[in-house]
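First the structure, in the form of structure tokens, and then the observations on it.
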Amino acid sequence: MSVQQTIHDKLVDALAPAVLEVINESHMHSGPATESHFKVVVVTARFDGMPLLRRHRLVNDTLAAELGGGVHALSIHAYTPTQWQDRGGEIPRSPPCRGGSKAS
């Protein structure tokens, strides 16, 4: 099973999301295109009343094995159903990779 599918399945099991997008962005980063950089968009009622930091911790805890292994970067966009509706269901764009450099 691919890392992308594993991330998807774990988040479905843990959060019962109304919307879930797991996007492999490895090709956007320097080095070989592997399953190492992901963006997740998670929309679930479980996030209602939960601060953003706690939402991120919940996702990180759910994916601890992957983050401790081959996943180098995980961009998390965690919304309540109302927040998702308010933003029109638009997935945030990722910035271009700077190759680990702080230079522009």
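The values are calculated or read from the model by the stated rules, or taken from the named source; none is laboratory data. Remember, it's a predicted structure, so these values are computed and weren't measured experimentally. Cβ placement follows ideal geometry from the backbone for every residue including glycine, while neighbour counts extend to all protein chains displayed.
Okay, residues lined up against (1) touching a Ser or Thr at 6+ places or on another chain (Cβ under 7 Å); (2) in contact (Cβ under 8 Å) with a residue 40 or more places away in the chain:
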site: Met1; (1), (2): no, no
site: Ala14; (1), (2): yes, yes
site: Asp48; (1), (2): yes, no
site: Pro51; (1), (2): no, no
site: Arg54; (1), (2): no, no
site: Asp61; (1), (2): no, no
site: Gly70; (1), (2): yes, yes
site: Thr80; (1), (2): no, no
site: Gln85; (1), (2): no, no
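Of all residues in region 91-99, none satisfies being closer than 13 Å to Val19 by Cα, at pLDDT 95 or above and either in a strand (DSSP E or B) or not aromatic (Phe, Trp, Tyr) (or both).
Could you check region 46-89 for helices (runs of 4 or more DSSP H) lying wholly inside it with 3 or more residues that are within 12 Å of the chain's Cα centre (by Cα)?
Details: elements: 52-62, 64-67, 81-86.
Hits in region 46-89: 52-62.
Within region 29-45, the set of residues being more than 15 Å from the chain's Cα centre (by Cα) and on the phi < 0 side of the Ramachandran plot comprises His29, Ser30, Pro32, Ala33, Thr34, Ala45. Return the residues of region 1-28 that are at pLDDT 95 or above, among the aliphatic types (A, V, I, L, M), crowded, with 16+ Cβ neighbours inside 10 Å and outside any strand (DSSP E or B); say none if nothing qualifies. Hits for region 1-28 are Ile7, Leu11, Ala14, Leu15.
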